[in-house]
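**Q** Dropping a structure here in structure tokens format, bear with me for questions.
FYI, it's all coordinate maths here, none of it is from the lab. Here the structure is a predicted model, which is why all the values come from computation and not from measurement. Please note: Cβ atoms are built from the backbone with ideal geometry, for glycine as well, and neighbour counts cover all protein chains shown.
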Amino acid sequence: MLNRIVLTLVFTLSFLEFMAHDLTLTLQLVPLILFAVLVFFKVLWSESVLKAVGSLFDLDGLLFVFFLSAFIVAPSLASDYEKSPTFSLFLCLCLVLARLYMAVVPIPEVLEAFFWSGLLSIGIFVPLSFAGFMQSMATFERFSPFSFHPNLLGFLLVGYLCAMVWKFMTGGWRLKILTGLVGSVYLIVIFFASSRSAIVAIAAGCVFIVVMEFLRATIQQRKRFMQMSLLVTSALLLVIVVFVQNSERAANAFNFFDQVLQLTNDYRGVGTGFSGRLDRWQQVMHRFSDGTFLVGKGIRYTDLSESQAIDNSYLVILYEVGVVPLILIMWRYLSILRRFLRAYLRTDDQVERRFYLAGGLLLVVLLVSNFAERYLFGVGNPYSLIAFLLFASPTNQVDRCFNASMSDLTLQRPRANCPAASSHLSS
């Protein structure tokens, strides 16, 4: 329980730091220092220290901790950006700490802490930013409170939304009401922040859930699903036709969405190539002709000037640390996603199934949103941090059964015939 409380605080502080009007490096280090203290007492100052340290020398530990760290640090030491070596060493230290922590802490425990952080963060955020939000609704300006960039705010909230979906699927009626209301608040804030990458990620997440449920369904359930889909689609088309016939109402609705999402804006409109991102991506790829993509120019090299900013995590990683780390990072995330999906399709327990679906949703939304963001591999915000912890988890974490301690998280008992039920999930 104490571990979950402290980890919840770590996630929450990672969110609340952006509510400071002056976002300093010292402020950003506070949640990470707290996480290091948590690792010390949970892992290094416990009987699990040998198990945790041993996990560093497993095959996946050697590959995704030490080998990856070497490819991150090497170009950073030779970088023209003087802060790059420090950032690279710090990131690799966080990777080691994350590996040690996840060797002894189950993934459901981490996701549980992330969920409670989502509730706590929005509970603090909404009252303090309410005036600015009302002004944004009145003027249709992008909602950008405190030190949040609108796209960063959308990215964080869409991550928390995945945790709300998990609890909505597994919780009782009280929890369903709570997560439904909080999730609705997330969606409204994302909309008025005009974070279109987050909206696209939400759409991708919805498609992912539908596809996975369809694959899991029986033939009879699939038939009913198809019939219901046709019925809903027909009803929506009918509503759209009736709505469009009222040209004034349709025009007002389009103008509303256009002003909030800036669909025809000269800078951010549909025809601007993702707000000019495509042009910057092409410029960056042209620079790869000198061999930059092989080794990179060092962590955070793209921070040198605004003109070099790249809102695409995949290009950022390729440009800063080269092709090998990009391959390793993508391989790791996709392999974890594959394990989640395989476990989802194989398990018969509803609690486990919903957890694996939520884990897959978290990763799918992360991978999609980072085509227009730069938070795929880092520790500077709660969504990136939980993804970082998943990345560092021992491979067998997602393959293990749940034991009786899962009842603390889900209020449901797992299968009685689950093997290794006495050793996996300790608080």
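**Q** I need two numbers for the range 114-231: Rg to one decimal and Dmax as a whole number, Cα atoms only, in Å.
**A** Every Cα atom of the range 114-231 included, Rg and Dmax give 16.7, 51 Å.
**Q** Next question, about the same structure. Give the lysines reachable from residue 42 as a straight Cα distance under 27 Å; neighbours fewer than 8 places away on the same chain don't count.
**A** Reachable lysines: 51, 167.
**Q** Post the alpha-carbon centroid distance, the range 130-183 to the range 36-55, in whole angstrom.
**A** Taking the Cα centre of each part, the range 130-183 and the range 36-55 sit 34 Å apart.
**Q** Say a paramagnetic label sat at a point 7 Å from the Cα of residue 396, along Cα to Cβ; which residues of the range 44-66 have their backbone N under 19 Å from it?
**A** Taking a point 7 Å out along Cα→Cβ of residue 396, the residues of the range 44-66 whose backbone N falls under 19 Å are 47-65.
**Q** For the chain, with equal point scatterers placed on the C-alpha atoms only and solvent neglected, what are the log10 I(q)/I(0) values from the Debye formula at q = 0.06, 0.10 1/Å, to two decimals?
**A** -0.27, -0.76
**Q** Still on this structure, please answer the following. Each residue of the range 360-366 in turn: what ³J(HN,Hα) in whole Hz from Karplus with 6.51, -1.76, 1.60 and θ = phi - 60°, glycine and Pro shown as x?
**A** Running phi through 6.51 cos²θ - 1.76 cosθ + 1.60 with θ = phi - 60° gives x, 4, 4, 6, 4, 4, 4 Hz.
**Q** Counting other C-beta atoms within 10 Å, and keeping those with at most 14, which DSSP coil chymotrypsin sites (Phe, Trp or Tyr not before Pro) do you find in the range 156-188?
**A** Hits after loop and neighbour filter: nothing returned.
**Q** Can you compute the charge dipole magnitude of the chain about its Cα centre, using +1 on each Lys and Arg Cβ and -1 on each Asp and Glu Cβ, nothing else charged? Give it in debye, rounded to the nearest 20.
**A** In total the dipole reaches around 1340 debye.
**Q** Let me ask you something else. Which listed residue (394, 319, 32) has the Cα farthest towards the positive end of the charge dipole for the chain, taking +1 on Lys and Arg C-beta and -1 on Asp and Glu C-beta about the Cα centre?
**A** Farthest along the dipole direction, towards plus: 394.
**Q** 222 nm [θ] for the chain, helices only, -39500 (n - 2.57) per DSSP H run of 4+, per residue, to 500?
**A** Rounded to the nearest 500, the figure is -22500 deg cm²/dmol.
**Q** So, one more: State, as an integer percentage, the relative contact order of the range 20-178 based on alpha-carbon contacts under 8 Å between residues 6 or more apart.
**A** For the range 20-178, the relative contact order is 24 percent.
**Q** Which longest run of the chain has no exposed loop site in it, a site being GluC sites (Glu not before Pro) in a DSSP loop with at most 12 other beta carbons within 10 Å, and the site itself not part of the run?
**A** Counting only loop sites that pass the neighbour cut-off, the longest clear stretch is 83-427.
**Q** While we're here: How large is log10 I(q)/I(0) at q = 0.16 Å⁻¹ when the Debye formula is applied to the Cα atoms of the range 1-153, each weighted equally and without solvent?
**A** -1.02
**Q** Of the options 237, 50, 335, report the single residue whose Cα projects farthest towards the positive end of the charge dipole of the chain (beta-carbon charges: Lys, Arg +1; Asp, Glu -1).
**A** Final value for the positive-end residue is 237.
**Q** Sticking with this one: Sorted from fewest to most neighbouring beta carbons within 10 Å, what does the list 286, 149 look like?
**A** 286, 149
**Q** Another question, then. Rounded, prolate or oblate, given the Cα gyration tensor of the range 75-159, with a/c below 1.5 counting as rounded?
**A** oblate
**Q** Next question, about the same structure. Mind checking the full-extension length gain between residue 206 and residue 237? Use 0.36 nm per residue of separation minus the Cα-Cα distance, one decimal, nm.
**A** 9.2 nm
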